[in-house]
Amino acid sequence: MFLRLLALERKRTERSGRGFVLMLLDPGTLLTSKSKEPVLQKLLQVLEAIRETDLKGWYKDGTSIGVIFTEIGSAIEKSVVHTLSTKVTAALFAAFRIEEINQIRLSFHVFPEDWGDDSHPITSTLRLELAHKRASLGVKRLIDIAGSLTALIFLSPVMLAIAIAIKLTSSGPVLFRQTRVGQYGKRFTFLKFRSMHVNNDRSIHENFVKSFIAGKPEAGKSNGNGTTVQVQYKLRADPRVTPIGRFLRKSSLDELPQFLNVLLGEMSLVGPRPPVPYEVARYSVWHRRRLLVVKPGITGLWQVEGRSRVKFDDMVRLDIRYARSWSLWLDLKILAQTPYAVLTGTGAC
């Protein structure tokens, strides 16, 4: 029950942006002794003395107590944790002997500032939401392995031809390697065929990402004859792109090396696109959910339904919609729609 309350509080924070603190209290061997009940009563009295309105319960049944300190607002994280730690420590010293206190371990976790992999005390609540899909997720992984292996084998002649074309037309490596952020914020090396000149100006894309997340499109201006060009939410006429790179991007052939990422388990065939770290740094709280529930993918709802015609917030909503309604059938449907989206080049660049 407490873990469900924790998951609910996390969702509230994702919507409101008002953070909370999770405190975990591990009594060590105190609850395994003959005086278990009196010790538990004193611990509850200590916690009641801090703030009566906070949510309390077993984080791990019988071994670890959790307390959710809600509505911390815009207070500075370190200040809140320091204040709570001081109050709890003082209350513990008033209720227990020093040898008992030495067995008690306290830890504080702030959300949304403090989030990470699926073993994290707060983000681990996502496992509850996916528990009923565990078998299907196993099948999804098998499909990822089979699909990526098949693609790498059958497309190897095409990939070899692309590698030769890149080498003959521009200097630099065949593959473009970039740090991307995967599920639960875990970073990995993202692979693509290189479509840009080496030693290019990264600030061009950083500035575009900043504008994109802020909802300011790169195009959509008047064309001078009284009509307005369709708004495009993707970087156009990038001077860093090579001639062969422009073709690879238009045809999405630059994405083929990502089948290696899928085979390694860093990505899936279907899922949200993996962002770069400087993009994640500009996320609002609710944007982060696209990184938590499912692995990033080569294709997804955004690619087949929106491509570069949608705003960033709408793209995130598509990713969250995919995560909420995910099924094997949905994955197969998206995979079937992807070739048409690639061939028509809608929104591609």
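The values are calculated or read from the model by the stated rules, or taken from the named source; none is laboratory data. In this text, all values refer to a predicted model and were calculated from it rather than measured experimentally. Note that we place each Cβ from the backbone using ideal geometry, even for glycine, and neighbour counts take in every protein chain shown.
Any residue in region 157-170 that's touching a residue at least 24 places away in the same chain (Cβ under 8 Å): show its pairings with residues that are crowded, with 16+ Cβ neighbours inside 10 Å and part of a helix (DSSP H, G or I) at Cβ separation under 7 Å, as long as the two are six or more apart or on different chains.
Pairs found: Ile162/Leu248; Ile162/Leu253; Ala165/Ile244; Ile166/Ile244; Thr169/Ile244.
Of everything in region 316-340 that's touching a residue at least 60 places away in the same chain (Cβ under 8 Å) and buried (at least 20 other Cβ atoms within 10 Å of the Cβ), which residue is farthest from Ile213 (Cα to Cα)?
Checking each candidate, the answer is Asp331.
Could you check region 62-79 and list, in sequence order, the residues that are surrounded by fewer than 16 Cβ atoms within 10 Å (Cβ to Cβ) and either at pLDDT below 75 or assigned to a strand (DSSP E or B) (or both)?
Selection gives Gly62, Glu71, Gly73, Ser74, Ala75, Ile76, Glu77, Lys78.
Are any of the residues in region 221-233 modelled with pLDDT under 90, under 20 Å from Pro296 (Cα atoms) and among the polar types (S, T, N, Q)?
Looking for residues that are modelled with pLDDT under 90, under 20 Å from Pro296 (Cα atoms) and among the polar types (S, T, N, Q), one finds none in region 221-233, hence no.
For region 193-201, check the following and say yes or no: at least one residue is in contact (Cβ under 8 Å) with a residue 24 or more places away in the chain and more than 22 Å from Leu253 (Cα to Cα). Please lay out each step first, then the result.
Here is the first cut: in region 193-201, the residues in contact (Cβ under 8 Å) with a residue 24 or more places away in the chain are 193-198, 200-201.
Still in the running and more than 22 Å from Leu253 (Cα to Cα): 201.
Taking every residue of region 193-201 in turn, at least one turns out to be in contact (Cβ under 8 Å) with a residue 24 or more places away in the chain and more than 22 Å from Leu253 (Cα to Cα).
Looking only at region 135-179, count how many residues are over 17 Å from Gly297 (Cβ atoms), assigned to a helix (DSSP H, G or I) and in contact with a strand residue (DSSP E or B) (Cβ under 7 Å, 6 or more places away or on another chain).
So the count comes out to 2.
Can you tell me which residue among Leu291, Leu301 is crowded, with 19+ Cβ neighbours inside 10 Å, within 29 Å of Ser16 (Cβ to Cβ), touching a residue at least 60 places away in the same chain (Cβ under 8 Å) and under 17 Å from the mean Cα position of the chain (by Cα)?
Details: Leu301 fails: touching a residue at least 60 places away in the same chain (Cβ under 8 Å).
Of Leu291, Leu301, the one residue that is crowded, with 19+ Cβ neighbours inside 10 Å, within 29 Å of Ser16 (Cβ to Cβ), touching a residue at least 60 places away in the same chain (Cβ under 8 Å) and under 17 Å from the mean Cα position of the chain (by Cα) is Leu291.
Each row is one residue, and each column tells you yes or no for (1) surrounded by 15 or more Cβ atoms within 10 Å (Cβ to Cβ); (2) over 19 Å from Arg246 (Cβ atoms); (3) not assigned by TED's automatic domain parsing to the domain that holds Arg288; (4) not aliphatic (A, V, I, L, M).
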residue: Ile164; (1), (2), (3), (4): no, no, no, no
residue: Lys167; (1), (2), (3), (4): no, no, no, yes
residue: Phe176; (1), (2), (3), (4): yes, no, no, yes
residue: Arg180; (1), (2), (3), (4): yes, yes, no, yes
